[in-house]
1. Which whole-Hz couplings ³J(HN,Hα) result when phi for each residue of region 184-194 is put into the Karplus expression 6.51 cos²θ - 1.76 cosθ + 1.60, θ = phi - 60°, listed in order with x for Gly and Pro?
2. Through the Karplus equation 6.51 cos²θ - 1.76 cosθ + 1.60, θ set to phi - 60°, convert the phi angles of region 197-208 into ³J(HN,Hα) values in whole Hz; use x for Gly and Pro.
3. Are any of the pairs Lys154/Lys249; Lys207/Lys234; Lys23/Lys82; Lys82/Lys288 more than 24 Å apart by Cα-Cα distance, and if so, which?
Amino acid sequence: MASMTIIPQDIITTHILCRLPAKSVGRFRCVSKEWLSLLSEPRFIQIHQKTLNKYHFIFRSNDGSLYSVPYDNHEEVSTLTKLDLGFYRIMSILGSVNGLVLASAYNNLHNNDYYTLFVLNLTTNDYVELPISSKSQFFGISGFGYDSVSDNYKIVTMEFDENVYVYNLRTNTRKQGSHLTYDGYYGSAAGVFVNGFLHWKLDRHSKPVIVAFSLADEMLSELPSPNFCNQATKFVELGEKLAIFNEDKGDVWLMNEYGVEKSWTKIVFHGFNEIPIVTHKVFYDNGKVLFLNSDKLLIYDVEERTFCKSVDISYMNISYFISAFAESLVSPKFSRAK
């Protein structure tokens with residue numbers, strides 16, 4: 001009688017289970033207490049996130065609701081999934097990192113004008129309600145990022161002529177930081193997270209200034225502002241690098257070496273002006289740049305310097321694109337478990 005081959009546990013986790021969608025891994029957690037513990041370990045979650053590399057886009061429909069749609073390997077997009085938080089209605093997405101999303105939501109049961117912040121994993125439907133509220137769904141200038149030094153997620157909010165506030169997800173505390181001395185902002189009030197810093201384009205005496213907030217030191221600083229950083233440009237994250245996208249010209253300036261002004265490199269999207277793009281959102285994936293508007297998802301190959309694919313999304317009744325997030329097993333409640 002042939003003996004049964006036993007597959008080592010490490011092979012099962014690092015070569016098989018880490019390639020499965022997050023929801024499938026969630027079902028395997030129910031097999032036994034041992035598997036629950038194994039598949040909840042930070043090491044497995046990190047390997048799973050790096051291996052899977054699957055993204056979802058968030059859109060707003062014409063009725064004002066938010067929906068997510070998976071997008072993988074440049075295949076056709078599929079059915080929309082409505083984002084729901086029970087009695088709360090998600091109104092805006094203020095940031096995304098490691099599969100977690102910072103969102104503002106409105107309580108449908110309470111007749112008031114206040115919005116509440118949530119940190120959610122839209123894949124596992126796990127979330128944390130933060131003790132932060134505002135009369136604006138955008139919470140002024142805000143940002144969400146990961147501090148690798150302390151293995152912690154932090155939320156930054158600030159108002160002009162007031163102080164910067166930092167919420168610590170691990171300790172469930174909020175503290176006051178430095179005073180904000182700028183006059184306003186250009187483009188989006190939601191910060192772009194790159195290299196451990198949140199970035200905004202703020203206004204000082206009618207001139208744009210690149211402002212960075214270190215999540216490790218919790219301090220504001222300024223980056224050298226190139227002359228092409230004007231009111232018509234906006235920040236994006238391309239391949240884990242800070243970039244400036246010019247919506248009028250259809251080109252991107254990429255900061256190849258963080259903080260070094262001379263490292264800005266221009267990427268020109270050939271054929272950009274020939275394609276009717278109504279609203280722009282730029283997303284980077286494996287050497288491809290994805291542009292989205294209300295009708296199409298356009299894929300640009302940076303190496304080949306051409307648009308290589310166009311996906312029709314007009315049938316989805318989409319008003320405009322909001323954000324993107326990576327599918328992951330990271331829990332917003334990770335801090336409470338330690």
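1. x, 9, 10, x, 8, 7, 7, x, 9, 8, 8
2. In residue order, the calculated couplings are 10, 9, 10, 9, 9, 9, 9, 9, 6, 6, 10, x Hz.
3. Violating the 24 Å limit, Cα to Cα: Lys154/Lys249; Lys82/Lys288.
Just so you know, all these numbers are worked out from the coordinates, no wet-lab data involved. The shown structure was predicted, so the numbers you read here are calculated from the model rather than taken from an experiment.
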